[in-house]
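The values are calculated or read from the model by the stated rules, or taken from the named source; none is laboratory data. Please read all numbers here as calculations on a predicted model, not as lab measurements. Because the Cβ atoms are built from the backbone with ideal geometry, glycine has one as well, and the counts that use them run over all protein chains shown.
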Protein chains: 2
Amino acid sequence: MQYMPVTESMFLIGETRDQPMHVGGLQLFIPRDGQTAADLADEISQRFHEATDIAPMFRKRPATPAQVAGYAAWTQDEEIDFDYHIRHIILPRPGEVKDLLRYVSQNHGALLDRRRPMWEAHIIEGLQDGRVALYTKIHHSVVDGVSALRLLQRALSTDPEDRSGTAPWSMDLVRRKRRQSAKENDKSLLGTLTGAAGSIVDVAGQVVGLGPAAAKIATAGVMDKDYVAPLQMAPTTMLNQSIGSARRFAAQDWPIERLQAAARAQKMTVNDLIVAMCAGALRSYLDEHDDLPDESLIAAMPVSLHSEDDADGNAVTVISVRMATDLASPAERVAAIKASTASAKKVVRGLKPLQALALGAALGWPLAFASVPGFVQYTPRGFNLLISNVPGPSEPLYWNGAKLDGCYPVSIPMEGLAMNITVTTVAGKAGFGIIGARAQLPSLQRILTHLENALAEVEALPPA
Amino acid sequence: MQYMPVTESMFLIGETRDQPMHVGGLQLFIPRDGQTAADLADEISQRFHEATDIAPMFRKRPATPAQVAGYAAWTQDEEIDFDYHIRHIILPRPGEVKDLLRYVSQNHGALLDRRRPMWEAHIIEGLQDGRVALYTKIHHSVVDGVSALRLLQRALSTDPEDRSGTAPWSMDLVRRKRRQSAKENDKSLLGTLTGAAGSIVDVAGQVVGLGPAAAKIATAGVMDKDYVAPLQMAPTTMLNQSIGSARRFAAQDWPIERLQAAARAQKMTVNDLIVAMCAGALRSYLDEHDDLPDESLIAAMPVSLHSEDDADGNAVTVISVRMATDLASPAERVAAIKASTASAKKVVRGLKPLQALALGAALGWPLAFASVPGFVQYTPRGFNLLISNVPGPSEPLYWNGAKLDGCYPVSIPMEGLAMNITVTTVAGKAGFGIIGARAQLPSLQRILTHLENALAEVEALPPA
């Protein structure tokens, strides 16, 4: 049995049939020379089934599966039923990308079984362009987006000739990583071994500091007009409805170089540019549905608390960003977003991880009540949607020689937060994954066109 | 808005993530001459997508989707999102029947979205034997097994040349049935139109009679040793555990003529023979797992309350049958089962539908508490598993010329009732569908071999 911190159990307690709390990833691979899509899919399936020495993270499940408070501990399964966890299907003709996105939409709404380790891996063939897709699903109590990307990274290789490709859950990968770390620093192996006990001690140490940190937040809220204080109200929009369990998924990528160039010209970060793209796109989308509010949308952005030596797992807090969707001028919008993210970051930077986590919890306060049916309609909210930007490795990556050609996160809509936008930058591409509640957000795929238009608008601005 | 009787809402209130309350059907079709499996699958998909005039049953959803008491009404959706409800996939190589059963297992554990009409239709290609499968999933609050079979029947034709094949939800089918009924009996059209209001009146009329009926049950319980009275305790076995949401599905069929011959020889009904097959199979299965109890297993068997002129929907109660699994001798077991089912039926026969329903509710009393986590471990139970036998049409059936070659029900495991066996007799075959909680019932497919052995044992008995 292993201690379960509240940052993990909150995703179990907050889960309902209408807001499953798993994150997903969709990756596309190009078969290597001389390999058909069927060959690659069978190779992935075979290697996955052979990876029976499974890392602890993929064997753990809640010790008390029922949906009541008190998920105090994890337990470990010794045997894993691959027939359940590994799924292999072929898309019907014509096998367009939209057929793939439909499959992901249909499967992302289904809850994971709590009586077994909470993950699934879907190997998907049948794309007419000859690529093979891998859709993975893992519970948010087990990993956050940053950890999921680290798992992805360690299952891939920068070497196209590397033929040691295996499953993301293989203990071989953990051992490879440890050997690498041991070379770099003899202490980190010790760090891995004592990690669990160590982090409890850290938590205890940091709780003491919470009072002054809260004071710091309060000060920032009063002093700085760009800072979005916790408990502030965001406008009500179609993004903020009660939702069903069905999902709609849209995805597209942009060259990271293009985003970097546009950001450089405006003296903003890529993160700010992503917010600006989302702001422009949401203005258009809401306007199309006659639902653009007079006040700005407020986005919550998770910020990773990972340090380099971190063990796998969750460590994330949330900042609030005023998206300036009330401003029609792209130039004014960009300026307002830069000011808002800079201010929010200042507050978080001065905090220790647990303190920042507490701030995140404060910003996310309506979520605590979201699983009470109907409650969302009567609750003021701090923000309209979650936007995440999860940076990954920039070099080209390969699985057993098959090139990674796209990588799209599939995140979590919630009660009152019907849309989630997550971006991941991997191997030179920024992959946008937009997941929404199906019935509540019609024509979600239009966002993709609006994102392109919003990027073009920023590119058309004179340099800052 | 439409009145929702407790016989429907109980399936919504009793549903949890670990016991989804939908029933399923798996049908296998042989493409007609000159048609490939892909042709047939595409034809099914096309006809399904064209069937946009949708019968009310497939447009209704709970007016209050959240998981609280008070599902007082149904509401109707005008637009149906076929991209969500109709799914089309191809199984990976080699495309054996076990790959199909795995797909059904994986998908049967997923909850249906309550914010939309609660059904899905999966068109499945890729079987190496060239057949095409149709797996349908519909919430038990909408239909029971008998109604589901009626829906199946009306979507199929006894004429292999009939090319009017359409979706089970098509209004064309409702109209065809009405025209047919009108020919046979002018009154039945009126019956269909006034059905909803009419059934409320019936319910009111029958509630008055409940007191005497309950007395009748009590008398039978005292007078007749073969009658299983409500609240009697069934032994505790591995079938009676707390379950997870993952499922395992096994299916096989036997020629109905073979079952009829064996039943005739023992002067028992086919229903009794099915109980005897299940009893022998469960004896072997539990024995293999060192879990055969000293006392007999008790099966609950739903009995349809449908009359000929009934509207679609639920109307079912439950009788209890002592399965005589404590008797090693097949001859003694057959005799004990005959006595037990005959006695239980006598009680139900004398009751009006709602009274029988109340008896069913009494027999099923632990179900009312089953959704309280952990409760099942401390509750005495009235029975060990549900066995259903749902008779269908006996002639060969075709969908647009493709012959129905197999029909297997996929039912509902519950907290404390980890296994469900449902049998359907259609087109000359008795299709057994065995669904179980995946983690709790290992090697479930062994039951299929045990069923064959149990049938052979009965066949080997001297005629009664």
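Name the pairs: first residue in region A:444-464 and touching a residue at least 60 places away in the same chain (Cβ under 8 Å), second residue part of a loop (DSSP other than H, G, I, E, B) and loosely packed, with under 15 Cβ neighbours inside 10 Å, Cβ to Cβ under 6 Å, at least 6 apart or on different chains? As it stands, the answer is A:Ala464/A:Lys267, since those pairs meet every condition given. Evaluation of B:His140 against the conditions (1) farther than 18 Å from B:Ile435 by Cα; (2) in contact (Cβ under 8 Å) with a residue 24 or more places away in the chain shows that the sole unmet condition is (1). Determine whether region B:47-59 contains at least one residue that is at pLDDT 90 or above and basic (Lys, Arg). Yes - at least one qualifying residue is present in region B:47-59. Listed by first and then second residue, the pairs linking a residue in region B:70-97 that is over 16 Å from B:Met118 (Cβ atoms) and surrounded by 15 or more Cβ atoms within 10 Å (Cβ to Cβ) to a residue that is aromatic (Phe, Trp, Tyr) and at pLDDT 90 or above, with Cβ atoms under 8 Å apart and 6 or more places separating them unless they lie on different chains, are B:Ile89/A:Tyr103; B:Ile89/B:Tyr103; B:Leu91/B:Tyr103. For A:Leu134, only one of the following conditions fails: (1) under 17 Å from the mean Cα position of the chain (by Cα); (2) closer than 30 Å to A:Tyr3 by Cα; (3) modelled with pLDDT of 95 or more. What is its number? Among (1) under 17 Å from the mean Cα position of the chain (by Cα); (2) closer than 30 Å to A:Tyr3 by Cα; (3) modelled with pLDDT of 95 or more, A:Leu134 violates only (2).
Residues that are surrounded by 21 or more Cβ atoms within 10 Å (Cβ to Cβ) and within 14 Å of chain A (Cβ to nearest Cβ) within region B:442-464 comprise just one, B:Leu444. Does at least one position in region A:151-161 carry a residue that is out of contact with any strand residue (DSSP E or B) (no Cβ under 9 Å at 6 or more places or on another chain) and within 27 Å of A:Arg438 (Cβ to Cβ)? No, because not a single residue in region A:151-161 is out of contact with any strand residue (DSSP E or B) (no Cβ under 9 Å at 6 or more places or on another chain) and within 27 Å of A:Arg438 (Cβ to Cβ). In this structure, is B:Ala439 within 14 Å of chain A (Cβ to nearest Cβ) and over 18 Å from the mean Cα position of the chain (by Cα)? Judged against the criteria, B:Ala439 is a match.
Restricted to strands (runs of 3 or more DSSP E) entirely inside region A:14-124, those with at least 1 residues that are at the interface with another protein chain (Cβ under 8 Å from one of its Cβ atoms) are A:86-90.
Of the listed requirements (1) acidic (Asp, Glu); (2) modelled with pLDDT of 95 or more; (3) not in a helix (DSSP H, G or I), B:Asp310 misses just one: (2).
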